[in-house]
1. PRO74: net charge of surrounding residues, Cβ under 9 Å, Lys/Arg +1, Asp/Glu -1, itself excluded?
2. Can you give me the distance in nm between label points at THR91 and ARG79, each placed 7 Å from the Cα along the Cα-to-Cβ direction?
3. Note down the net charge around ARG64, summing +1 for each Lys or Arg and -1 for each Asp or Glu among other residues with Cβ under 15 Å from its Cβ.
4. If you take the beta carbon distance between TYR110 and PHE15 as r and set R0 to 30 Å, what does 1/(1 + (r/R0)^6) give as a FRET efficiency, to the nearest 0.05?
5. For region 25-104, how big is Rg over Rh, using alpha carbon atoms and the Kirkwood form of Rh?
6. Normalised by the number of residues in region 25-104, what is the relative contact order in percent for Cα pairs under 8 Å and 6+ residues apart?
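Each value in this text was obtained by applying a stated rule to the coordinates, not by laboratory testing. Treat the numbers as computed from the prediction; the structure is a model and nothing was measured. Quick reminder, even Gly has a Cβ in these numbers, built from the backbone with ideal geometry, and neighbours come from all protein chains shown.
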Amino acid sequence: MTCGIQEETLENTPFDLTGKVAVITGSSRGIGRSSAELLAKLGAKVVISSRKVHACEEVAEGIRKAGGDAHVIPCNISRREEVEVLINGATLHYGKIDILVCNAAVNPYYGPLLDIED
């Protein structure tokens, strides 16, 4: 894994995420990937998600090779139906979602926050 956290640092952390399920959008590279790798190192089962399924599979494979549990659900978060598939798929696969990291960058709405429908 490439998140850059030293193993001895993880041994002293108060965060044990064993049994928790994390969904990380935009997790095929950069901060999202590092977040997914770190959450997996801390014991979480992670759902890797971005628009690029091949890149997601690479991240998930790296997590699995390091002993983690990762599942891929591609998603373009600017499409509501894909977000629903992501959340429903994660819940179906793991039974729950404990952590949601909203890392993907998109701005599907331009205007006042109070005018957003949902």
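1. In short, +1.
2. Each label point lies 7 Å from its Cα, and together they span 2.1 nm.
3. Value of the local net charge: -1.
4. 0.25
5. Using only Cα positions, Rg/Rh for region 25-104 is 0.92.
6. 31
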